[in-house]
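Chemist: Supplied in structure tokens, the structure appears directly below.
Please treat every number below as a calculation from the coordinates, not as lab data. Because the structure is predicted, anything quoted here is derived from the model rather than measured. As a convention, Cβ positions derive from the backbone with ideal geometry for all residues, glycine included, and neighbour counts pool all protein chains shown.
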Amino acid sequence: MSTNEIEDKVIGIIAEQAVLEPSDVTLDSTLEELGIDSMGLVESIFAIEEAFDITVPFNANEPDQSDFDISSVKSIIAGIDRLVREQA
């Protein structure tokens, strides 16, 4: 799976959670800017795990303790890309 495919799929999932068009989601967007709250974040992570058949090392109860960077759409995509490659 190419990085572009991963990017498109992750943006699609995030856009769906934010009830936006994928074109409204930029790489520099933060989840907060997109209106995704902690519940939406958890749902997004579940959807991403299902879509890519991976486990995201993210603890919703302690997001600051996580190795997974959720500071922007770009950082989420980079993390997913790395996880997909590690699993391949």
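Chemist: Once you have the Cα-Cα distance between E21 and A60, take 0.36 nm times their residue separation minus that, and quote the gain in nm to one decimal.
Modeler: 11.5 nm
Chemist: For segment 1-44 and segment 66-88, what is the centre-to-centre distance using only Cα atoms, to the nearest Å?
Modeler: 13 Å
Chemist: Starting from the Cα of R82, step 7 Å along the direction of its Cβ; do the same at A51; then give the gap between the two resulting points in nm.
Modeler: 1.9 nm
Chemist: So, by mean Cβ neighbours within 10 angstrom, what's the order for 47-57, 10-20 with the highest one leading?
Modeler: 10-20, 47-57
Chemist: Report the extension gain between N4 and D28 in nm, rounded to one decimal, defined as 0.36 nm multiplied by the number of residues separating them, less their alpha carbon distance.
Modeler: In short, 7.1 nm is gained.
Chemist: Along the three principal axes, how long is the chain when you take its alpha carbons, biggest first, rounded to the nearest angstrom?
Modeler: For the chain, the Cα spread along each principal axis is 32, 29, 20 Å.
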